[in-house]
Amino acid sequence: MNVSLITGAGTGIGLATALAFLKSGVAVVGIGRRPDKLDALLKAAGAQADMVATLAIDVTQDDAPERSVALAMSRFGRLDYLVNNAGVGSPKPVHETDDDMLDRSLDLMLRAPFRLTRQALEVMQSGGSIVNVSSTYALLGGLRGGAYSAAKAGL
(Lines give C-alpha, C1' and ligand atoms only; values in the text may rest on other atoms or scores of the structure.)
Protein backbone atom coordinates (compact mmCIF):
# COMPACT_ATOMS: atom_id res chain seq x y z
CA MET A 1 0.00 0.00 0.00
CA ASN A 2 1.27 3.45 -0.91
CA VAL A 3 1.20 6.28 1.63
CA SER A 4 0.56 10.00 1.21
CA LEU A 5 1.24 12.88 3.58
CA ILE A 6 -1.03 15.88 3.02
CA THR A 7 -0.79 19.21 4.81
CA GLY A 8 -3.98 21.18 5.28
CA ALA A 9 -5.84 17.87 5.03
CA GLY A 10 -8.86 18.89 7.09
CA THR A 11 -10.52 21.28 4.65
CA GLY A 12 -10.85 22.32 1.02
CA ILE A 13 -8.28 21.08 -1.47
CA GLY A 14 -6.42 19.10 1.19
CA LEU A 15 -9.52 17.20 2.28
CA ALA A 16 -10.56 16.50 -1.30
CA THR A 17 -7.04 15.27 -2.07
CA ALA A 18 -7.03 13.00 0.98
CA LEU A 19 -10.36 11.46 0.00
CA ALA A 20 -9.19 10.97 -3.60
CA PHE A 21 -6.09 9.17 -2.37
CA LEU A 22 -8.20 6.94 -0.12
CA LYS A 23 -10.53 6.13 -3.02
CA SER A 24 -7.45 4.99 -4.94
CA GLY A 25 -6.30 2.76 -2.08
CA VAL A 26 -3.55 5.09 -0.84
CA ALA A 27 -3.19 5.57 2.91
CA VAL A 28 -3.28 9.15 4.18
CA VAL A 29 -1.32 10.95 6.85
CA GLY A 30 -3.40 14.09 7.31
CA ILE A 31 -1.72 17.12 8.84
CA GLY A 32 -3.57 20.21 10.01
CA ARG A 33 -3.79 22.72 12.85
CA ARG A 34 -7.34 21.96 13.92
CA PRO A 35 -8.16 18.59 15.52
CA ASP A 36 -11.86 19.03 14.75
CA LYS A 37 -11.15 19.34 11.02
CA LEU A 38 -8.93 16.26 11.12
CA ASP A 39 -11.74 14.40 12.91
CA ALA A 40 -13.96 15.37 9.97
CA LEU A 41 -11.40 13.72 7.65
CA LEU A 42 -11.57 10.53 9.70
CA LYS A 43 -15.35 10.59 9.60
CA ALA A 44 -15.40 11.23 5.85
CA ALA A 45 -13.02 8.29 5.37
CA GLY A 46 -15.74 6.00 6.72
CA ALA A 47 -14.82 2.35 6.33
CA GLN A 48 -11.32 3.38 5.25
CA ALA A 49 -10.59 5.24 8.51
CA ASP A 50 -7.99 2.57 9.35
CA MET A 51 -6.01 3.90 6.37
CA VAL A 52 -5.83 7.39 7.92
CA ALA A 53 -3.47 8.79 10.54
CA THR A 54 -3.74 12.41 11.62
CA LEU A 55 -1.51 14.88 13.38
CA ALA A 56 -2.76 18.23 14.66
CA ILE A 57 0.25 20.51 14.33
CA ASP A 58 1.15 23.86 12.82
CA VAL A 59 3.45 23.04 9.89
CA THR A 60 5.57 26.09 10.69
CA GLN A 61 6.69 24.60 14.01
CA ASP A 62 10.33 23.53 14.10
CA ASP A 63 9.48 19.88 14.79
CA ALA A 64 6.56 19.61 12.34
CA PRO A 65 8.47 18.01 9.43
CA GLU A 66 10.13 15.39 11.63
CA ARG A 67 6.93 14.55 13.51
CA SER A 68 4.86 14.37 10.32
CA VAL A 69 7.20 12.05 8.46
CA ALA A 70 7.79 9.99 11.62
CA LEU A 71 4.03 9.40 11.88
CA ALA A 72 3.92 8.09 8.31
CA MET A 73 6.84 5.76 8.99
CA SER A 74 5.62 4.49 12.37
CA ARG A 75 2.03 3.93 11.24
CA PHE A 76 2.53 2.71 7.67
CA GLY A 77 6.27 2.03 7.27
CA ARG A 78 6.73 4.17 4.17
CA LEU A 79 6.01 7.47 2.46
CA ASP A 80 5.33 7.69 -1.27
CA TYR A 81 3.59 11.02 -1.81
CA LEU A 82 3.86 14.44 -0.20
CA VAL A 83 1.26 17.13 -0.92
CA ASN A 84 2.30 20.53 0.43
CA ASN A 85 -1.13 22.12 0.52
CA ALA A 86 -1.39 24.10 3.78
CA GLY A 87 -1.98 27.77 3.23
CA VAL A 88 -4.08 30.74 4.05
CA GLY A 89 -6.01 32.63 1.41
CA SER A 90 -6.45 36.22 2.44
CA PRO A 91 -4.18 38.23 0.15
CA LYS A 92 -3.65 41.91 0.86
CA PRO A 93 -1.98 44.60 -1.21
CA VAL A 94 1.72 45.17 -0.61
CA HIS A 95 1.12 48.54 1.04
CA GLU A 96 -1.22 46.88 3.58
CA THR A 97 1.20 44.06 4.38
CA ASP A 98 3.41 44.45 7.45
CA ASP A 99 6.54 42.43 8.14
CA ASP A 100 4.71 40.05 10.47
CA MET A 101 2.22 39.12 7.75
CA LEU A 102 5.03 38.72 5.23
CA ASP A 103 6.91 36.42 7.62
CA ARG A 104 3.79 34.35 8.40
CA SER A 105 3.00 33.94 4.70
CA LEU A 106 6.54 32.93 3.77
CA ASP A 107 6.81 30.58 6.76
CA LEU A 108 3.54 28.79 6.00
CA MET A 109 3.55 28.69 2.22
CA LEU A 110 7.25 28.56 1.34
CA ARG A 111 9.51 27.62 4.27
CA ALA A 112 7.28 24.85 5.68
CA PRO A 113 6.89 23.06 2.31
CA PHE A 114 10.65 23.28 1.74
CA ARG A 115 11.35 21.77 5.16
CA LEU A 116 8.69 19.04 4.75
CA THR A 117 10.10 18.15 1.34
CA ARG A 118 13.61 17.89 2.74
CA GLN A 119 12.41 15.58 5.54
CA ALA A 120 10.27 13.45 3.22
CA LEU A 121 13.14 12.92 0.78
CA GLU A 122 15.06 11.14 3.53
CA VAL A 123 12.56 8.25 3.46
CA MET A 124 10.91 8.34 0.03
CA GLN A 125 11.93 5.68 -2.44
CA SER A 126 12.33 5.99 -6.19
CA GLY A 127 8.97 6.63 -7.82
CA GLY A 128 7.63 8.89 -5.09
CA SER A 129 6.05 12.24 -5.88
CA ILE A 130 5.89 15.66 -4.27
CA VAL A 131 3.17 18.14 -5.21
CA ASN A 132 3.31 21.76 -4.11
CA VAL A 133 -0.09 23.44 -4.28
CA SER A 134 0.39 26.99 -5.50
CA SER A 135 -2.02 29.56 -6.94
CA THR A 136 -2.69 31.66 -10.00
CA TYR A 137 -1.72 34.56 -7.73
CA ALA A 138 1.84 33.26 -8.09
CA LEU A 139 1.77 34.24 -11.75
CA LEU A 140 -0.76 37.03 -11.92
CA GLY A 141 -0.24 38.81 -8.63
CA GLY A 142 -2.78 41.55 -8.88
CA LEU A 143 -3.65 44.43 -6.61
CA ARG A 144 -4.23 42.10 -3.66
CA GLY A 145 -1.28 39.76 -4.25
CA GLY A 146 1.25 41.00 -1.72
CA ALA A 147 2.88 38.44 0.55
CA TYR A 148 0.54 35.66 -0.61
CA SER A 149 1.70 36.06 -4.22
CA ALA A 150 5.33 36.21 -3.15
CA ALA A 151 5.04 32.99 -1.15
CA LYS A 152 3.12 31.10 -3.84
CA ALA A 153 5.51 32.28 -6.55
CA GLY A 154 8.44 31.10 -4.45
CA LEU A 155 6.78 27.71 -4.01
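A few points about this structure:
- With protein chains left intact and a 1.4 Å probe, residues in the range 76-155 average 58 Å² of accessible area per residue.
- The range 84-98 and the range 1-79: distance between their alpha carbon centers, rounded to Å: 24
- Note that the range 94-107 has calculated 3J(HN,Hα) couplings of 3, 5, 9, 9, 8, 4, 4, 5, 4, 4, 4, 5, 5, 5 Hz, one per residue in order, obtained from phi through the Karplus relation 6.51 cos²θ - 1.76 cosθ + 1.60 (θ = phi - 60°); glycine and proline are x.
- Extending 7 Å from the Cα toward the beta-carbon at both Leu140 and Met101 defines two label points whose distance is 2.0 nm.
- Counting protein heavy atoms only, the range 22-120 has 48 percent of its accessible area on carbon and sulfur, 1.4 angstrom probe.
- Entry comment: accessible area of the range 1-40 is 43 Å² per residue, from protein heavy atoms only and a probe of 1.4 Å.
- Spatially proximal lysines relative to Lys23 (Cα-Cα < 22 Å; intrachain offsets below 8 disregarded): Lys37, Lys43
- Subtracting the Cα-Cα distance of Asp39 and Ser24 from their residue separation scaled by 0.36 nm leaves 3.3 nm.
- Label zone at Met1 (point 7 Å along Cα-to-Cβ), backbone N below 20 Å, the range 50-77: 50-56, 68-77
- Scoring 45-51, 1-7, 32-38 by mean Cβ neighbours within 10 Å over their residues and listing the highest first yields 1-7, 32-38, 45-51.
- In this Cβ point-charge picture (+1 for Lys and Arg, -1 for Asp and Glu), the range 1-103 has a dipole of about 680 debye about its Cα centre.
The values are calculated or read from the model by the stated rules, or taken from the named source; none is laboratory data. Please read these numbers as outputs of a predicted model, since none were measured by experiment. For neighbour counting, all protein chains shown are included, and Cβ atoms are generated from backbone atoms with ideal geometry for every residue, glycine included. The protein model used for the area step is the full one, side chains on, heavy atoms only, and it has no ligands, DNA or RNA in it. Shrake-Rupley method; radii C 1.70, N 1.55, O 1.52, S 1.80 Å.
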